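Shown next, in structure tokens, is the structure this report addresses.
All of the numbers you see were taken from the coordinates with simple rules; none came from a lab. Here the structure is a predicted model, which means the values were calculated and not measured. A quick note on method: Cβ atoms are made from the backbone with ideal geometry, for glycine too, and the neighbour counts reach across all protein chains shown.
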Amino acid sequence: MNYSLEDNQKAVRFVIDYLTDNPDFFRRHPDVFSHMSFPRQNREGTRSIIECQNEVLRATLTTMEVREEENKLREKALSEAKDAESVLDLAISLLACEDNIGLPDTALEFFKNAFDASYGLIRLWPARPNFAFFPYAERLGPEIEESIAQMEGPFAGKNFGDEIAAWLKVDPSETRGVLLLPLKKQDGKAFGLICLCDPDEKKFSAAQREPFLRGASRVCEAALAPLTE
């Protein structure tokens, strides 16, 4: 029910005085505030209560957005620091290998663990004669190796076809998600490939981590290139 106080000046004065003496009334009773109507900005340019409330709301949202962005930047910085430490660990692991024979497997295990991949393989070509009898020296074929040479960076996403499954000797359903990391020498010539696979086709699409892959691949390229001709 609506009441008009226009004809009762004492009541109007009472409400004004009460609200003036109790400025937190609407804070304590927000349900009352939501049922009230307020004039828009008048000709003199003064702002209504609702406009003030909207301004406060906008400021609050802006503060929340700033904090949210700060949290995102903080999380990104922590992630990048963790990735940088992982690349350092990779370099240490490669340096700790007693002989060059174990370098490819060390590099492959690093990437499998970094992405929690179910499957992985590494291929180097053409391998030097003293490494030619190891699995990682098996060639992929001229066309595939040429395609890898044309890659400008890693590919991460959904796998089409069953060629990679044939390399790994697993069912194609196990290789729906794929990460292909070409290995190149300083002159740009491709000499290898690191391939990760997983039944989850989205395993790698959301985990590109370009700076991490770039840093880790450079470490691997420096360590593995001497194994090839």
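A crude spin-label estimate for the pair Ala222 and Ala11, with each label 7 Å from Cα along the Cβ direction, gives 8.5 nm. Per-residue packing, averaged as other Cβ atoms within 10 Å, sorts the ranges 108-114, 165-171 into the order 108-114, 165-171, beginning with the highest. What the phi angles of segment 71-87 give under the Karplus curve with 6.51, -1.76 and 1.60, with θ = phi - 60°, is a coupling list of 5, 4, 5, 5, 5, 5, 5, 5, 5, 5, 5, 5, 5, 4, 5, 5, 4 Hz, glycine and proline written as x. Of the peptides 176-185, 85-94, 133-142, the ranking by mean beta-carbon count within 10 Å, highest at the top, reads 176-185, 85-94, 133-142.
What the Cα convex hull of segment 138-229 gives, in volume per residue, is 99 Å³.
Close amide H pairs (under 5 Å, H built 1.01 Å from N) link Glu138 with Leu124, residues at least 5 positions away or on another chain.
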